Amino acid sequence: MNEALDSTGGAVPGQRFPRQDAGGCGPDDRVPEGVMLTTVERLYNWGRKNSVWPLQFGLACCAIEMIAASMARFDMARFGAEVFRPSPRQADLMIVSGTVTKKMAPQVVRLYNQMPEPRYVIAMGACAICGGPFRDGYNVLPGIDLYIPVDVYIPGCPPRPEALLEGLIALQKKIAGQPLTGAGRPRHLDADAPGAFPVPEYGAHDLVGPQLPAAPDA
Amino acid sequence: MQTLEQIKDRIAAALPGARLAVIANASPAGQPSLLLDHEHALEAARFLRDAPELRFDYASNATGVDWPERTVKERVKVKKMIDGVEKETEELAERKIPGCLEAVYHLYSMELGHGPLIIRLRTGNRTDRVTLPSLTPVWRSCEFQEREIFDLFGIVFEGHPDLRRILMWDGFEDHPMRKDYAPAASGEAKA
């Protein structure tokens with residue numbers, strides 16, 4: 001564990017203890033070899049970010065790239081995210097991979113609501129981000145972030161598996177950087193954070209129901 | 001395969017009183033089509049399917065077309081009195097073509113290996129006379145495609161066994177493939 005923490009947690013900002021040298025005795029000579037000092041926050045986030053289990057579903061051609069990313073050639077297992085769960089109850093990450101039609105949007109939001117916290121969303125590809133080439137059409141949602149909060153946007157049409165992996169790494173960095181207390185804490189540690197997001201309903205001309213405010217520019 | 005004119009004559013001979021018209025196609029494809037009337041469409045379709053030398057047993061495609069009302073400008077020859085002399089001159093005249101909705105079927109014969117034969121049905125207008133006879137009783141493959149036409153163009157097919165929307169949800173009221181459809185602005189809050 002000592003090595004793993006070193007290799008994956010070395011880049012975390014605000015690190016309180018310097019890296020141990022190989023074969024050294026830790027930051028302090030009084031700490032014996034094989035013992036490492038860290039914070040609960042870092043250890044907790046290190047565990048969370050290295051076992052992000054995605055929900056197994058795909059919406060369009062981006063899903064093919066997602067499948068490729070999970071297979072041996074690109075091997076998402078290297079990042080601990082290979083365990084695609086068929087149930088939202090066991091999933092941590094929703095990869096919205098593809099075109100979200102207005103007819104499908106309520107089901108996507110409902111699946112998201114069924115996921116337990118902590119949960120994260122990757123909007124994969126132009127369609128999931130903003131509707132893509134179908135944005136002005138009658139049947140495609142102009143961005144899944146109208147209804148659920150998106151953590152990482154991956155542009156592309158479709159994004160290559162490497163792009164999905166980079167998005168996953170970006171998400172891991174975000175998880176690793178989340179403080180467990182204070183303003184930027186994850187939603188599951190914030191009792192006031194919304195647990196369920198309103199599911200849009202089918203209206204006479206369009207989906208009806210409250211939408212999320214526009215995402216702030218990153 | 002016989003020519004469209006020959007097929008038309010055969011239908012006319014088999015179904016006296018049927019109003020048929022060959023619609024020319026000026027595009028490079030040059031595929032003319034056959035316009036059927038509402039009263040005889042079902043019988044004509046059965047005839048096309050069952051006549052031993054035609055045997056159009058496969059409807060590969062059914063689709064809709066929206067024709068909004070349009071005006072065309074044509075050169076018309078008019079006789080006019082000019083300086084006391086009657087002369088024939090050309091004038092630009094506008095002609096209104098009323099709008100309608102159209103269902104187009106592409107037929108092939110698997111048995112005889114010919115096709116396509118293109119037949120068309122037209123509604124009375126685009127608002128209240130939008131009923132056409134369903135050809136699903138003749139070609140089962142039209143079932144979903146006629147539902148799609150009903151969904152996206154708003155043509156009501158009489159005699160269809162299960163006429164519901166197929167792509168949009170049940171409570172949806174518009175017909176998105178019509179030319180005058182304007183999508184609801186659901187992304188405005190975001191943009």
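The values are calculated or read from the model by the stated rules, or taken from the named source; none is laboratory data. Bear in mind that the values here come from a model prediction, so they are computed numbers and not experimental data. So basically every Cβ, Gly included, is an ideal-geometry build from the backbone, and we count neighbours across all protein chains shown.
Considering the stretch B:1-38, and only residues there that are acidic (Asp, Glu) and in contact (Cβ under 8 Å) with a residue 12 or more places away in the chain, the residue that is nearest to B:Glu102 (Cα to Cα) turns out to be B:Asp37. Just one of (1) within 14 Å of chain A (Cβ to nearest Cβ); (2) over 27 Å from A:His205 (Cβ atoms) fails for B:His106. It is (1). The set of residues in the stretch B:13-59 that are surrounded by fewer than 15 Cβ atoms within 10 Å (Cβ to Cβ), among the small types (Gly, Ala, Ser) and closer than 30 Å to B:Lys179 by Cβ comprises B:Ala21, B:Ala24, B:Ala26, B:Ser27, B:Ala29, B:Gly30. A:Tyr112 meets all of the listed conditions (1) assigned to a helix (DSSP H, G or I); (2) aromatic (Phe, Trp, Tyr); (3) modelled with pLDDT under 90 but one, namely (3). Of all residues in the stretch B:13-35, one or more are under 20 Å from B:Val138 (Cβ atoms), modelled with pLDDT under 90 and either among the small types (Gly, Ala, Ser) or touching a Ser or Thr at 6+ places or on another chain (Cβ under 8 Å) (or both).
Yes/no per residue for (1) assigned to a strand (DSSP E or B); (2) more than 10 Å from chain A (Cβ to nearest Cβ); (3) aromatic (Phe, Trp, Tyr):
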site: B:Leu117; (1), (2), (3): yes, yes, no
site: B:Leu121; (1), (2), (3): yes, yes, no
site: B:Arg126; (1), (2), (3): no, yes, no
site: B:Ile166; (1), (2), (3): no, yes, no
site: B:Glu173; (1), (2), (3): no, no, no
site: B:Pro176; (1), (2), (3): no, no, no
site: B:Ala184; (1), (2), (3): no, no, no
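Note on the stretch A:177-206: residues that are among the acidic types (Asp, Glu), surrounded by fewer than 14 Cβ atoms within 10 Å (Cβ to Cβ) and more than 14 Å from chain B (Cβ to nearest Cβ) amount to 1. Being within 14 Å of B:Arg122 (Cβ to Cβ) and surrounded by fewer than 14 Cβ atoms within 10 Å (Cβ to Cβ) is the requirement here; does B:Pro68 meet it? So B:Pro68 fits the description; yes.
Just wondering, is there one or more residues in the stretch A:172-180 that are touching a residue at least 12 places away in the same chain (Cβ under 8 Å) and within 29 Å of B:Leu152 (Cα to Cα)? The answer is no; no qualifying residue exists. Please enumerate the residues belonging to the stretch A:119-133 that are surrounded by 17 or more Cβ atoms within 10 Å (Cβ to Cβ) and at negative phi. Answer for the stretch A:119-133, where residues must be surrounded by 17 or more Cβ atoms within 10 Å (Cβ to Cβ) and at negative phi: A:Arg119, A:Tyr120, A:Val121, A:Ile122, A:Ala123, A:Met124, A:Ala126, A:Cys127, A:Ala128, A:Ile129, A:Cys130. I need the full set of residues from the stretch B:114-130 which are surrounded by fewer than 22 Cβ atoms within 10 Å (Cβ to Cβ) and without any contact (Cβ under 8 Å) to a residue 60 or more places away in the chain, in order please. Hits for the stretch B:114-130 are B:Gly124, B:Asn125, B:Thr127, B:Asp128, B:Arg129, B:Val130. Scanning the stretch B:160-189 for residues that are surrounded by 15 or more Cβ atoms within 10 Å (Cβ to Cβ), out of contact with any Phe, Trp or Tyr (no Cβ under 7 Å at 6 or more places or on another chain) and either in contact (Cβ under 8 Å) with a residue 60 or more places away in the chain or more than 15 Å from A:Asp206 (Cβ to Cβ) (or both) returns a single hit, B:His160. Entry remark, the stretch B:91-113: residues being surrounded by 10 or more Cβ atoms within 10 Å (Cβ to Cβ) and modelled with pLDDT under 90 number 4 in total. Looking at the structure I just gave you, is B:Asp151 assigned to a loop (DSSP other than H, G, I, E, B), closer than 21 Å to A:Met104 by Cβ and modelled with pLDDT under 95? When the stated conditions are applied, B:Asp151 does not pass them. A single member of A:Pro149, A:Pro210 is modelled with pLDDT of 90 or more and within 14 Å of chain B (Cβ to nearest Cβ), and it is A:Pro149.
Could you please let me know if A:Pro118 is in contact (Cβ under 8 Å) with a residue 24 or more places away in the chain and within 14 Å of chain B (Cβ to nearest Cβ)? Taking the combined requirement at face value, the residue does not satisfy it. A:Leu141 passes every criterion in (1) within 15 Å of the chain's Cα centre (by Cα); (2) within 12 Å of another protein chain (Cβ to nearest Cβ) apart from (1). For the condition aliphatic (A, V, I, L, M), more than 14 Å from every other protein chain (Cβ to nearest Cβ), within 17 Å of B:Leu42 (Cα to Cα) and surrounded by fewer than 21 Cβ atoms within 10 Å (Cβ to Cβ), B:Val138 does not qualify.
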